[in-house]
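Read the structure below first, then the notes.
The values are calculated or read from the model by the stated rules, or taken from the named source; none is laboratory data. These numbers were taken from a predicted model, which means no experiment stands behind them. Here the Cβ is made from the backbone with ideal geometry for all residues, glycine too, and neighbour counts use every protein chain on show. The protein model used for the area step is the full one, side chains on, heavy atoms only, and it has no ligands, DNA or RNA in it. Shrake-Rupley method; radii C 1.70, N 1.55, O 1.52, S 1.80 Å.
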Amino acid sequence: MSMAQQAEPAVSTPPASGPKQTDGRTAQRPMALRLLARPEVGVFLGALAVFAFFLIAAPSLRQGSSMATVLYQSSTIGIMALPVALLMIGGEFDLSSGVAVITSALTASMLTYQLTMNVWVGVIVALLVSVGVGFFNGWMVVRTGLPSFLVTLGTFLILQGVNLAVTKLVTGNVATDDISDMDGFDQARKVFASSFGVGGIQVKITVVWWLVFAAIATWVLLRTKYGNWIFAVGGNKQSARAVGVPVTFTKISLFMLVGFGAWFVGMHQLFSFNTVQSGEGVGQELIFIAAAVIGGCLLTGGYGSAIGPLFGAFMFGMVQQGIVYAGWNPDWFKAFLGVMLLGAVLINLWVQRTATRR
């Protein structure tokens, strides 16, 4: 209550009837603007448009088995796009995530085969290596103050060289040996690369893991203190530190989450194909980042969601497989990728300005 209102007598003439007067500071924004403020709304509408377009352009995509393939392709991108998105919300990048996937798969494969061990030993060691790479990236960023772009670019080059050199040194080839007859392979394959039937259609287990991870990431961002820390350090780490947010722990743990994602996807690739090509993974980090950006994560940090990258990954899977089912030249995928990325950045900019306009 203002001072002018306090000076009025206890009994006063009631205000005239009519519409309630509000100024720009107290007026509630329309529902449409509040919806636009959600980072996943734009990509959801874009995903619907891409989905409808390819259903028309590629009639064979309407089959259940084709959609299962699209979801599988989306899940292999989406599982990595989720931790990459969380890291971007926290204000950092990881350019080593693509080759880190191959590093984890190579570690598990060579350790298992060369030492004749149960594959679960290789899986656990690969997890430690992947999380360790994430810890190294995060520690270097917070200790040196260097941009994460430069730190992870260095890690990218190191891992790329180590993947090729060590694989050739140990196996005498650019690919690892087949581990399908090793102890524990069948059990590990059920966890990372199995399929199950739904109405006569085979669905990959990675689709389930993708949705589970997205649900967990959403809960963490919206319902936990750690989620608040992620947004805080991405918005302004100095202000976050001033109010007691553990900036160092948050940033390092986010890089380690990317390492966990790289490990999981690497295990899926290993147990899907039984062997790993050491030169793969280059360029995948850009797809993971693009899926997060298309999903509504800002390059400046402090803004985004976990649901947005889910739709972003679905758009990638739909475009990648839709081009094939439509019978087009698959080289067009990169062109579509560029168009989607630029479109997403422009839409995110427009959404931000519209949602904050009074």
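A few points about this structure:
- Given a 1.4 Å probe and the protein chains as shown, D181 ends up with an accessible area of around 120 Å².
- Computed on the Cα atoms alone, the convex hull of the chain gives a volume of 189 cubic angstrom per residue.
- Estimated vicinal HN-Hα couplings, Hz - segment 282-296 in sequence order (Karplus 6.51, -1.76, 1.60; Gly, Pro = x): 5, x, 5, 4, 5, 5, 4, 5, 5, 4, 5, 5, 4, x, x
- Taking amide H as placed 1.01 Å from N in the peptide plane, G90 has its amide H under 5 Å from the amide H of G302, each at least 5 places away in sequence or on another chain.
- With helices as the sole contributors, the chain gives -23000 deg cm²/dmol at 222 nm; each DSSP H run of n ≥ 4 counts as -39500 (n - 2.57), and the sum is divided by every residue.
- Per-residue ³J(HN,Hα) for segment 113-122, Karplus 6.51 cos²θ - 1.76 cosθ + 1.60, θ = phi - 60°, Hz, x for Gly and Pro: 6, 5, 9, 6, 10, 4, 4, 5, 5, x
- Among the trypsin sites (Lys or Arg not before Pro) found in segment 112-210, not one is both in a DSSP coil and sparsely packed, with 13 or fewer other Cβ atoms within 10 Å of its Cβ.
- Surface per residue (accessible, 1.4 Å probe) for the chain, Å²: 50 Å²
- Rounded to the nearest 20, the size of the Cβ-charge dipole of segment 129-249 about its Cα centre is 720 debye, with Lys and Arg at +1 and Asp and Glu at -1.
- Separation of alpha-carbon centers, segment 261-300 and segment 40-87, rounded to whole Å: 16 Å
- Surface share of carbon and sulfur [accessible, 1.4 angstrom probe, percent] for the chain: 66 percent
- Comparing Cα centroids, segment 231-253 and segment 176-210 end up 38 angstrom apart.
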